[in-house]
Amino acid sequence: MVVAKSTSSKKRVATSVSPSSPTKLTTRKPSTTTTSTTRAILTGSSGKLSSDDVKNDQQQQKQQQLVIQIQTLFLNCQKSIAYHKKSIQVLLDLLVKCSSSTKLIKSYIQIISSIVDRVLAISKRDPPIERVVKFVCNFISTLISSEISTAPTTTETQQQKDSTLLSNENENENNHILLYDQFFNRVMNHLIERCNSKDKSVRFRSTLMIGEVLNSENLREDYEFDEQLWGKLVDTMMDKSKDRIPGIRKQSIYSLSRMQDTSYSDDIVTLRLIELLKFDTSPDVRNTVLQNIIPTKKTLQSILEKTLDINPIVRKQSFLTIGQKIEIKFIPISLRMGLLKNGLQERDKLIQDSCSNMLLNCWLEKTKDILKLLEYFNVEFYEEETELGLMEIFSKGKFGVENCKEFDLFNLSKEQAIYIRVLSQYLKKKEPNNFELLDSFLPSIIKFNDVLLYYLSKSEQQDQENNIDPDSLHFIQSQLILVAQCLDYSDEAGRDLLSKTVKSLILSIGVDDNHLDSLIELLYILHPNPNEYISIIISSLNQLTENIHSQEESDQFQLEQENRLEETNEKLVELEKKKEEIKKSMKSLLKSAASPNIRSIIDKLKDKLTLVRQEYSEQLDLKNEITDSLNIKYIIEQKIWVKTLTILSNFLKHLKISFNHKSISKIINLIKSSCLNHKQTIIVNMAIKVLGMFCLTENNPKDLHDNIEILLELLNKYENQILSPNSSSKSDLTEQIEIFILIIQSLFDILLWYGYKLNSFLYPKKPKQQQQQESLSSKRKLNDDGNNHNSDSDQDEEDDDQVKYSFDYILNRLLVVLKNQQFYSSIQDQGSNLDETIQLTLVEGISKIIYNQIYDPNHRQSSIELYQGLFSYLVFMFFNQNNQGKPIQQVLSSFFNIFVISTRDFNLSSSIIEESFLPSLLLFSKSITEQQSDSKPTTSSTTTSTMVKFFIWLTNSLVSSQIKYRQQQLIQNQSIPQEERKEREREIGVELVSFENQVYFNFVYKLSLETLSDTSIGKNYCKLFGLFQLDSSVPSKQIKQLLFLASKMLSEIRAKTFYNQLFKYHQYLVSLDLDKDSHLSDADQDHLNELVDQFKQISNSKSTLTKNIKKRKLNNTSRSTKKKMVTKKKSKKYSSEEEEEEEEDTEDSSSEEEEKGSENDDDEEMMEFEVDSD
């Protein structure tokens, strides 16, 4: 409860707030016991008062009455809004009355200020306080209102007697306006001062009240603020827009929105609002800016960007603001269609509705017609966005069928064409029973056939004569083909006629190839019988390719024409020489002395020259004819191939049943021989795509084997071409990489489609009886033949050839490409950044294979070993610093998240994670060591720790998802009683948590052995042991095994930092060992020691391998330096024969060391492979 008391004009109004009472303003009547008589007694006077005392008494009584009046007004106003209007008028009257006395006007100002201060200090937004705030804001804005009422009238003599603080020379109502203006400035300055308070509630309320005043309806539009006050307002609100409290920043926006100067491009208020809109962390603040900012050229981009804001409320408000404040013509076409697409495809239904409201109630409402609206959409380039918009309009029942009936089908515009197409598709899909509405504007199938032929038969020359844009014609053609898919095919005659038209259009070279997909789909609709459809497509393909010659015939024809062309060029050169000789002869005759026969000789030479010129012209025409024939043949063949490959690609893509592959075997063989090595990249791309799709439909193992072999040969070919630095240009390199990526995608499609069944399909197993018979016959042959060893080796080679292109082989070949860093460095050196695209394609394909868990059920362990290598390398790529923030890391992040929540084979997934832990860690540690050797900055400790945490997360997430999956299965099984279900859920949790701890034990166990294998490197792993948390579910024997290994590490690693880390880990294991009395048996200890020795041998072999490699490098460098020294000595001619012999000996010894080093390298590689497989 707030209590106000005023005993004199010099004292300030006291305030107090009771925390236990509701927030409500109340008053207490002032005491009136201090009368003049009492004052006389206290002063010791005789009781007679002076005139000054009487005046003071009267003044105090007026002040007390003023306090009571104002407090009563505010008490009433906090109860109900009904008192506000009348109370405002009373306060204005009191202000005018108080202006006659300086003390009264000061009291008036003090009372109002104290009440305002009391309101500012209250943070709770209770209704009584909110009413008082609204009343104060309305009162302040009324002071400068255009509808302010005049003050009470007084006589002229009274006006002359009453002198006030704010009265000036004028004696009319301008005095009141000036008084109100001055009081308004006082109150606003008071609120501005309070905006700088340390109390956040005071700052919030004062900023709110300033905003309410500036945005009040009572405020005159033509009111001119005092310059000093305006400057303070701008500075204060700019400062409050940077306040740490979001609510205060939000309230400052309401004031700043009224301070924008749209005529000035660099207005500081506008720039601040844009900054808040872009970078403020509070969605409420950004939302408020959108509601209040004025759209201009400066702010338009920022407003449109908020349609992609992270917060859905802000996105929704942005669409509302755009629809209400911005006309469609002021938004750039690309941004206009982009925000329409994003809004209508939003997941949030509220944002979809907001975008729909912008489209229908703002854009369509203002244009009044759908066709006029489509003119703003640039439908030719934004077909997908236009379709989304039209679908939304039609979903609200605004079809506009009457407009479609008036369209001239032989003179359609782009907007009319897409309007008819989208409306037809919508009615056919969304309202399939409403045939009458669809038939009301679509013509009959026979008439539509004429329309289709009319547009598709137009040539480019006719388009230019009729002033038709070729792009517009192409767009209208594509729309009409799609409309044809919505026709009524009940008319059999019309259907046959349209089918013939479509077949002729497919075979026509003049028809754009981009229409083929739609035409083939239309043909499938016209012939729903699959066999009939397949026969039509195959016959069309045969007609197209019957005039295409094989590659040998084409080469022969080209060779013949080139020979003819060469002969023609030689004749042209000879004729040119003859012409020059004749001209020289004529010139020499003219210079010589006159003779009687000179004229006849010159005439003969002229005739000869004419004949030579005629022959030259004939040969030149022949040359042009040969060149044109070559070009025309090449262009025609190219068009036929593009059309053939397009048809075949679409046919295979939409194929739903098996068919006889022999019917198109000729075409496929032509593609293999002619297209895969074609000069045009587009034909090579399409041929590889078709070959890859054809492999997915193959039912002949031999043909599939041959096709896979072709794809792998192409993979090797283009890999070598990209590696070679002899590429002619960057565009050629880009084309080669595009083809290379297509080959990779085709191989991955084959692996995903067939899986491990690919092996059995390519290499079917023979029956046991046949195998036994073949083995017996082979043994007899071996007994008869003396060269048993050679026959065995030949047999092994045949077996290897038979299973060459297995699932594992292809996958390992693709993994080799992924690991080939020299390949990617070569691409970067040639100035291309498509190396990331290749890696991304490979990572996506491998991730899909691992996620789908394609493995051989008969050889599960070998599949786990294969996946272990793949998974560990993916983890390495995920943590590789070169991939940070790139699409590869994003794809892998999505893969790992999906992998651990998959409900597929849980045991296989856990085995892959478990087996990949140590290889991933070693692989990354190796890369860190290489970087350190190259003096590159690394973050080794952080990254290895992060990798261990990552594997712990993988295990934990996999177990958690499995627990949820099994518990959901129990919940779905209603036959199980509730108590039994709870018990089973508990058992599942205990079982899987125990399994999780077992995986962690294996991690620590393998890490301990690896640390002991080479303590110089393994000491860096000591920090990692503290990241694992085990519990009592781990058997005591396993804890003792870890303790034994930890003790060995403590005895071998004595460096203080690493020793302390190991000691903490050892103490942790001791705390887990509940059975401290028992110990490991001697056999167990020996077994652990043997494992440690094995790991040490492997580590030593690896170290010798690296030493040999370094030694080879040193030998190579020393050999080159010695050769240089020999050449220098020979040039100076002072080397002796003994020195030369010594040099030869050193060269021979170095070559022998190189050979030994290479042999050691091979041995070490074999050993390393065996270790990985183990």
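The values are calculated or read from the model by the stated rules, or taken from the named source; none is laboratory data. Quick caveat, the model's predicted, so the values are computed rather than measured. Every residue, glycine among them, receives a Cβ derived from its backbone with ideal geometry; neighbour counts consider all protein chains shown. Areas reflect the complete protein model, heavy atoms only, side chains present, ligands, DNA and RNA absent. Shrake-Rupley method; radii C 1.70, N 1.55, O 1.52, S 1.80 Å.
Computed values, structure above
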item	result
Members of segment 1046-1080 that are over 21 Å from Phe1003 (Cβ atoms) and open to solvent by less than 50 Å² (accessible area, probe 1.4 Å)	Ala1055, Ser1078
Subset of segment 813-845 (residues that are free of Cβ contacts under 8 Å to residues at least 40 places away in the same chain and either surrounded by 20 or more Cβ atoms within 10 Å (Cβ to Cβ) or aromatic (Phe, Trp, Tyr) (or both))	Tyr824
Check on Glu384, out of contact with any helix residue (DSSP H, G or I) (no Cβ under 8 Å at 6 or more places or on another chain), assigned to a helix (DSSP H, G or I) and not small (Gly, Ala, Ser)	no
Qualifying residues in segment 372-415 (those that are open to solvent by less than 30 Å² (accessible area, probe 1.4 Å) and in contact (Cβ under 8 Å) with a residue 60 or more places away in the chain) - the one nearest to Leu340 (Cα to Cα)	Val379
Meets criteria (touching a Leu at 6+ places or on another chain (Cβ under 6 Å), assigned to a helix (DSSP H, G or I), of a type in the set (S, T, N, Q) and surrounded by fewer than 18 Cβ atoms within 10 Å (Cβ to Cβ)) for Asn185	yes
Residue selected from segment 258-281 under the condition over 35 Å from the mean Cα position of the chain (by Cα) and within 27 Å of Arg186 (Cβ to Cβ), by the criterion most open to solvent (accessible area, probe 1.4 Å)	Arg258
Near pairs, Cβ below 9 angstrom, 6+ apart or cross-chain, from segment 176-193 (over 15 Å from Thr207 (Cβ atoms)) to any residue that is open to solvent by 50 Å² or more (accessible area, probe 1.4 Å) and in a helix (DSSP H, G or I)	Asn185/Gln228
Sole residue being in contact with a strand residue (DSSP E or B) (Cβ under 9 Å, 6 or more places away or on another chain) and not hydrophobic (A, V, I, L, M, F, W, C), chosen from Arg272, Arg258	Arg258
Inter-residue pairs, beta-carbon under 7 Å, first within 21 Å of Phe184 (Cα to Cα) and in segment 125-142, second open to solvent by 30 Å² or more (accessible area, probe 1.4 Å) and polar (S, T, N, Q), 6+ apart	Asn138/Asn218; Ser141/Asn218; Thr142/Asn218
Lone qualifier among Glu996, Glu1010 - being part of a helix (DSSP H, G or I), more than 12 Å from Thr955 (Cβ to Cβ) and of a type in the set (Asp, Glu)	Glu1010
Residue tally, condition over 19 Å from Arg131 (Cα atoms) and either surrounded by 15 or more Cβ atoms within 10 Å (Cβ to Cβ) or touching a helix residue (DSSP H, G or I) at 6+ places or on another chain (Cβ under 8 Å) (or both), over segment 69-95	2
Test for Ile626: is it modelled with pLDDT under 75 and surrounded by 13 or more Cβ atoms within 10 Å (Cβ to Cβ)	yes
Any pair with Cβ under 8 angstrom, 6 or more apart, that starts in segment 599-620 at a residue that is among the aromatic types (Phe, Trp, Tyr) and ends at one that is modelled with pLDDT of 80 or more and assigned to a helix (DSSP H, G or I)	Tyr616/Leu572; Tyr616/Leu575; Tyr616/Glu576; Tyr616/Lys579
Some residue of segment 441-454 being closer than 28 Å to Leu339 by Cβ and open to solvent by 20 Å² or more (accessible area, probe 1.4 Å)	no
Only listed residue being open to solvent by 70 Å² or more (accessible area, probe 1.4 Å), out of contact with any Ser or Thr (no Cβ under 8 Å at 6 or more places or on another chain), at pLDDT 80 or above and in a helix (DSSP H, G or I), chosen from Arg599, Arg613	Arg613
Residues satisfying the stated conditions in segment 1002-1033, i.e. touching a residue at least 40 places away in the same chain (Cβ under 8 Å) and either in contact with a Pro (Cβ under 9 Å, 6 or more places away or on another chain) or of a type in the set (A, V, I, L, M) (or both)	Leu1007, Leu1009, Leu1012, Ile1017, Leu1024, Leu1027, Leu1030
Condition met for Glu983 (assigned to a helix (DSSP H, G or I) and in contact (Cβ under 8 Å) with a residue 60 or more places away in the chain)	no
Members of segment 1016-1038 found to be in contact with an Asp or Glu (Cβ under 8 Å, 6 or more places away or on another chain) and surrounded by fewer than 19 Cβ atoms within 10 Å (Cβ to Cβ), listed by number	Ser1036, Lys1037
Within segment 484-514, tally of residues that are open to solvent by less than 50 Å² (accessible area, probe 1.4 Å) and touching a His at 6+ places or on another chain (Cβ under 8 Å)	2
Counted residues, segment 932-963 - those being over 19 Å from Val1004 (Cα atoms) and either modelled with pLDDT under 85 or exposed (fewer than 13 other Cβ atoms within 10 Å of the Cβ) (or both)	9
Residue under evaluation Asp222, criteria (1) in a loop (DSSP other than H, G, I, E, B); (2) under 23 Å from Asp284 (Cα atoms); (3) free of Cβ contacts under 8 Å to residues at least 60 places away in the same chain, criterion not met	(2)
Which listed residue is of a type outside the set (Asp, Glu), surrounded by fewer than 16 Cβ atoms within 10 Å (Cβ to Cβ) and closer than 19 Å to Glu738 by Cα, from Lys679, Lys702	Lys679
Residues within segment 690-718 that are touching a Leu at 6+ places or on another chain (Cβ under 7 Å), touching a residue at least 40 places away in the same chain (Cβ under 8 Å), among the aliphatic types (A, V, I, L, M) and under 19 Å from Lys804 (Cα atoms), tallied	1
